[in-house]
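Just below is one structure, and these are the notes that go with it.
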Amino acid sequence: MNLNFRRVCLGVALTIGVSGCGRTNHTPASNKEVSSASGPDSAVEVRGTVEAPREVVIEVGDAMKFSRTRVVASAGEVIRLKLVNLGAAPKEVMGHNWILLRLGADSAAFLNAALGAKATDYVPAAKAGDIIAHTKLLGGGRSDAVIFTVPQAPGNYIYLCSFPAHFQLGMQGVLVVR
């Protein structure tokens, strides 16, 4: 998907209040990190915009842990979430993804549906309404990014890996919206 299309898509999403739009496998030169905050639990002082989304990088590996289990964001902020799989195993054996669920979504029901969604890389079409944004399922040495608008409602939004048993082994976190 090209950069101009993503910008138009994000502009429409911001206008109508829809979360999640567009994704890319590369880092365009115009996408720069907006925040200078450091550490996994740092609060954001500067919000990402459509023109310059704030980049959040989460690394995973064969140990089945997200490098960040808590991300703090402002309502309406635009984030470019990049998932990097540092592992070596192929996605069929040890695939990882990052899925942000809507506030109040039943993660157990979502994961049960994901078990039967191998053909769609464990992203269940029947639960599409529970998803705000997600990356592709990645094998070792791969990365993917998704650009989305943080929901307006404050709260703790669960994110997880939907590969079988990964959530139960700790591949989960929370997007704290203030």
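Brief remarks follow.
- Any hit, segment 105-115, residues being closer than 28 Å to residue 50 by Cβ, out of contact with any Pro (no Cβ under 6 Å at 6 or more places or on another chain) and aliphatic (A, V, I, L, M): yes
- Among the candidates 107, 143, the residue that is polar (S, T, N, Q) and farther than 14 Å from residue 59 by Cβ is uniquely 107.
- Selected residue (only one of 45, 51, 55 is at negative phi and either modelled with pLDDT of 95 or more or under 15 Å from the mean Cα position of the chain (by Cα) (or both)): 55
- Applying the condition of being in contact with a Gly (Cβ under 7 Å, 6 or more places away or on another chain) and farther than 22 Å from residue 92 by Cα to segment 134-166 and asking which residue is surrounded by the fewest Cβ atoms within 10 Å (Cβ to Cβ) yields 152.
- For the residues 121, 144, the requirement of being over 11 Å from the mean Cα position of the chain (by Cα) and of a type in the set (Asp, Glu) singles out 121.
- In segment 80-106, the residues that are closer than 21 Å to residue 164 by Cβ and assigned to a loop (DSSP other than H, G, I, E, B): 86, 87, 88, 89, 90, 95, 97, 98, 105, 106
- Residues in segment 115-149 that are in a helix (DSSP H, G or I) and among the β-branched types (Val, Ile, Thr): 120 alone.
- Residue in segment 75-101 that is nearest to residue 147 (Cα to Cα), counting only those that are charged (D, E, K, R) and buried (at least 17 other Cβ atoms within 10 Å of the Cβ): 80
The values are calculated or read from the model by the stated rules, or taken from the named source; none is laboratory data. Note that this is a predicted model, so its numbers are computed, not measured. Using ideal geometry, Cβ is built from the backbone for each residue, glycine included, and neighbour counts are taken over all protein chains shown.
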